[in-house]
Every structure is written in structure tokens, then in C-alpha cells.
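Student: To start, I am sharing the structure in question, which I have written as C-alpha cells.
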Amino acid sequence: MELTINIKDQGKIDAFLNLIKEIDYIEIVNVKEEVQELPTEHKDLLDRRLQKIENGETTFKSWGLIKNKYEDNAV
């Protein structure tokens, strides 16, 4: 039997997946995330940050560098 669920609180997805992984008779067949549109406030914030970079007021670091930093320090 396959069951489709919708997790309303996106912040709880990891906890839920970790919980069901512990149950030996449940197999995760497919995980599909909905892509949500960025809120206008976030777009405005990103636009302001990009403008600061273009004006030389701040510097840019690639997402790969930042991601590696946090993955290396994962608990």
C-alpha cells in the first residue's frame, strides 16, 4: 500500500522523515517538495543585497562556500 501525505509545517519535514526511517516496515518510496514562490519581502531584501554588492559596499561569497562551512560543522 502507498500513502500520500502533506506536511503543513515545512520546518517539521526532516523530523518526520527521520521518525519514519526508524520504523523497519516503512519504506520511503518518493519525496516531492513543492516549490513555493519567494515572498515579496525576501525578493526586496535580495535586491537590496545585490545592489550593495554592485555598489562595492559589501562582498559576495558563493553559496557553495557557505554551504560547505555549515555542512562541515553539522551536529
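The values are calculated or read from the model by the stated rules, or taken from the named source; none is laboratory data. Because the structure is a prediction, the values reported are computed rather than measured. Neighbour counts are summed over all protein chains in view; Cβ atoms, including those assigned to glycine, are modelled from backbone coordinates with ideal geometry.
Student: Mind checking which residues of segment 28-55 are β-branched (Val, Ile, Thr), out of contact with any Leu (no Cβ under 9 Å at 6 or more places or on another chain) and within 30 Å of Lys8 (Cα to Cα)? If you could, list the steps in order and put the result at the bottom.
Tutor: Of the residues in segment 28-55, the ones β-branched (Val, Ile, Thr) are 28-29, 31, 35, 40, 53.
Then drop every residue that is not out of contact with any Leu (no Cβ under 9 Å at 6 or more places or on another chain), which leaves 29, 35, 40, 53.
Val29, Val35, Thr40 - these are the residues of segment 28-55 that are β-branched (Val, Ile, Thr), out of contact with any Leu (no Cβ under 9 Å at 6 or more places or on another chain) and within 30 Å of Lys8 (Cα to Cα).
One line per residue, one yes/no per condition, for (1) part of a helix (DSSP H, G or I); (2) basic (Lys, Arg); (3) surrounded by 10 or more Cβ atoms within 10 Å (Cβ to Cβ); (4) modelled with pLDDT of 85 or more:
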{"position": "Ile5", "(1), (2), (3), (4)": "no, no, no, no"}
{"position": "Leu19", "(1), (2), (3), (4)": "yes, no, yes, yes"}
{"position": "Ile26", "(1), (2), (3), (4)": "no, no, yes, yes"}
{"position": "Glu37", "(1), (2), (3), (4)": "no, no, no, no"}
{"position": "Lys43", "(1), (2), (3), (4)": "yes, yes, yes, yes"}
{"position": "Arg49", "(1), (2), (3), (4)": "yes, yes, yes, yes"}
{"position": "Lys52", "(1), (2), (3), (4)": "yes, yes, yes, yes"}
